[in-house]
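Accompanying notes for the structure given below.
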Amino acid sequence: MELIWEGIREALNLLINLDLEVSAVTLLSLEVSGLAILLSILIGVPLGAALALKQFPGRGFLVSISNLGLGLPPVVVGLWVSIFLWRSGPLGFLGMMYSPGAIVIAQSVIAIPVVTSFSLAAFQQLNPRLRLLLQSLGANWWQSLWYLVQEARLGLLAAVMAGFGAIISEVGASMMVGGNIKGQTRVLTTAVSMEVSKGNFGMAIAISVILLLLTYIFVAAMTWAQQKRRPL
Amino acid sequence: MVPLLELEKITLVRSGRTVLDIEDFQLLERTRTAFMGPNGAGKSTLLLLLAGLLTPTTGAIRYRGQDLRSLNLDLWRQRTAMVLQEPVLLDRSVRRNIELGLIIRKRPAPERKRKVDEWLERLNITVLADRSARALSGGEARRVSLARALVLEPELLLLDEPFNSLDEDTTNNLINDLRRILPESGATTILVTHHREEAVALVETLCRMESGRIVSCRQLPA
């Protein structure tokens with residue numbers, strides 16, 4: 001118990017004194033996971049919409065692949081992204097290995113299937129005649145998509161929360177493709193892992209409290225957007 | 001007199017089955033026509049075709065003598081309004097639902113407000129304006145759905161079983177209102193129904209469909 005209180009005290013201390021190293025790690029975590037979730041939304045939501053609203057050969061296979069991604073172990077993603085980004089790999093010429101960009105790629109690979117699968121479910125729950133109605137009112141393809149997104153907003157916000165939760169909490173992929181380099185690729189989860197391995201439980205708890213706090217702020221904002229009062 | 005719409009040798013084949021086969025049909029402007037017939041006769045499919053939501057396999061649909069294929073489909077849809085069997089409403093306020101088509105058609109806000117207020121009043125649902133569409137009864141939802149179509153002042157109004165699954169009193173109230181509203185609106189109207197009394201109350205011409213064909217049309221006594 002003493003260890004937990006010590007960790008919380010240290011977390012407050014780090015937050016109040018704005019510890020430079022922890023601030024840098026926190027900012028990098030936000031940047032990397034923020035960019036990854038943005039990419040995942042841009043790719044996953046239209047992909048989910050296409051899978052939900054269009055019929056084409058191979059659709060069922062793509063849905064099963066997307067759902068497989070829900071259980072994709074981050075360390076497996078880290079391994080495959082490493083293979084691709086490694087100097088001798090197919091994308092080695094990009095020179096991205098052990099950079100924040102590599103972590104963004106790995107986290108996007110983790111989050112895209114999550115956002116896609118949840119978006120697919122959100123769009124499929126809509127009344128199938130809604131599209132017909134929008135078309136009959138004269139809506140073009142983009143206008144129809146816009147209104148479908150609005151109607152599916154509760155499920156889509158859940159998709160974003162699930163995607164963000166998956167990447168802000170993962171450690172395996174960030175460790176493998178980022179390398180946990182101090183001042184360059186160290187993010188909150190890899191920092192916690194490292195502090196634990198060094199036996200610095202107080203520091204590890206402190207960073208974990210910051211991580212939890214950040215995650216809560218994001219999820220609370222999304223929950224507010226999702227649950228805010230609608231007209232009765 | 002050039003008819004508003006003319007269907008010539010129309011067929012529609014879906015999954016290898018001919019679901020519509022109409023040799024010749026004309027619809028004059030500002031008339032009201034009902035289609036009756038058994039389930040699967042092609043009544044609702046005909047409405048979807050006229051709304052520009054389905055394309056005929058063969059044949060031509062002419063609007064004021066001009067082939068629909070030479071018109072922009074989005075523009076054609078903006079001349080029509082359809083009320084579906086089920087009142088599909090957005091999870092928004094009643095006002096927002098009614099002005100949806102006007103927003104899609106990029107009408108200015110003052111015009112939207114004026115028209116929505118007018119149709120809220122004409123369909124006796126002004127009191128519901130700010131209520132969520134989720135909280136409506138079946139009859140109220142049907143009125144909102146009708147207002148959403150009528151507010152567009154369409155040239156062609158397509159009503160697909162608009163009283164479906166409503167109780168008798170609600171249906172009678174709605175028919176009484178529509179008996180006044182439809183002639184006032186000036187829209188050429190097609191009603192699909194299973195109930196002769198609904199047709200008799202609202203239209204001038206009653207057509208019967210069977211197996212995708214229009215088998216008869218006759219004028220109803222005034």
Condition broken by residue B:112, with the remaining ones in (1) in contact (Cβ under 8 Å) with a residue 12 or more places away in the chain; (2) surrounded by fewer than 22 Cβ atoms within 10 Å (Cβ to Cβ); (3) more than 14 Å from chain A (Cβ to nearest Cβ) satisfied: (3)
Selection status of residue A:187, farther than 29 Å from residue A:5 by Cα and surrounded by 23 or more Cβ atoms within 10 Å (Cβ to Cβ): no
Residue within region B:120-138 that is under 30 Å from residue B:33 (Cβ atoms), in a helix (DSSP H, G or I) and under 17 Å from the mean Cα position of the chain (by Cα) present: no
Members of region A:86-108 that are under 17 Å from residue A:190 (Cβ atoms) and either β-branched (Val, Ile, Thr) or in contact (Cβ under 8 Å) with a residue 60 or more places away in the chain (or both): A:97, A:98, A:99, A:100, A:102, A:103, A:104, A:105, A:106, A:107
Selection within region B:56-90 - within 14 Å of another protein chain (Cβ to nearest Cβ) and modelled with pLDDT of 90 or more: B:80, B:81, B:82, B:83, B:84, B:88, B:89, B:90
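Tally the residues that are more than 14 Å from every other protein chain (Cβ to nearest Cβ) and free of Cβ contacts under 8 Å to residues at least 40 places away in the same chain, restricting the search to region A:213-232.
Number of matching residues: 6.
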Restricting region B:25-55 to residues that are within 19 Å of residue B:154 (Cα to Cα) and among the β-branched types (Val, Ile, Thr), the residue that is farthest from the other protein chains (Cβ to nearest Cβ): B:31
Some residue of region B:122-136 being under 30 Å from residue B:19 (Cα atoms), surrounded by fewer than 18 Cβ atoms within 10 Å (Cβ to Cβ) and within 14 Å of chain A (Cβ to nearest Cβ): no
Residue in region A:200-212 that is in contact (Cβ under 8 Å) with a residue 60 or more places away in the chain, out of contact with any Pro (no Cβ under 6 Å at 6 or more places or on another chain) and assigned to a loop (DSSP other than H, G, I, E, B) present: no
Residue identified as surrounded by 21 or more Cβ atoms within 10 Å (Cβ to Cβ) and either out of contact with any Leu (no Cβ under 9 Å at 6 or more places or on another chain) or of a type in the set (Ser, Thr, Tyr) (or both) among B:165, B:145, B:211, B:216: B:145
From the options B:27, B:68, B:73, residue that is closer than 14 Å to residue B:188 by Cβ and surrounded by 14 or more Cβ atoms within 10 Å (Cβ to Cβ): B:27
Scope region A:125-146; condition buried (at least 22 other Cβ atoms within 10 Å of the Cβ) and either hydroxyl-bearing (Ser, Thr, Tyr) or under 27 Å from the mean Cα position of the chain (by Cα) (or both); matching residues: A:136
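Got at least one residue in region B:11-22 being in contact with a Cys (Cβ under 7 Å, 6 or more places away or on another chain) and either of a type outside the set (Gly, Ala, Ser) or not in a strand (DSSP E or B) (or both)?
No: region B:11-22 contains no residue that is in contact with a Cys (Cβ under 7 Å, 6 or more places away or on another chain) and either of a type outside the set (Gly, Ala, Ser) or not in a strand (DSSP E or B) (or both).
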Leading residue by the ranking (surrounded by the fewest Cβ atoms within 10 Å (Cβ to Cβ)) among those in region B:76-101 that are outside any loop (DSSP other than H, G, I, E, B) and of a type in the set (S, T, N, Q): B:93
Matching option when the condition is out of contact with any Phe, Trp or Tyr (no Cβ under 7 Å at 6 or more places or on another chain), surrounded by 20 or more Cβ atoms within 10 Å (Cβ to Cβ), part of a helix (DSSP H, G or I) and of a type in the set (A, V, I, L, M), among A:39, A:28, A:79, A:68: A:28
Within region B:169-222, tally of residues that are hydroxyl-bearing (Ser, Thr, Tyr) and in a strand (DSSP E or B): 4
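Can you tell me how many residues within region A:153-178 are aliphatic (A, V, I, L, M) and facing another protein chain (nearest Cβ under 10 Å)?
The total comes to 1.
The values are calculated or read from the model by the stated rules, or taken from the named source; none is laboratory data. None of these values were measured; they are calculated from a predicted model. Here the Cβ is made from the backbone with ideal geometry for all residues, glycine too, and neighbour counts use every protein chain on show.
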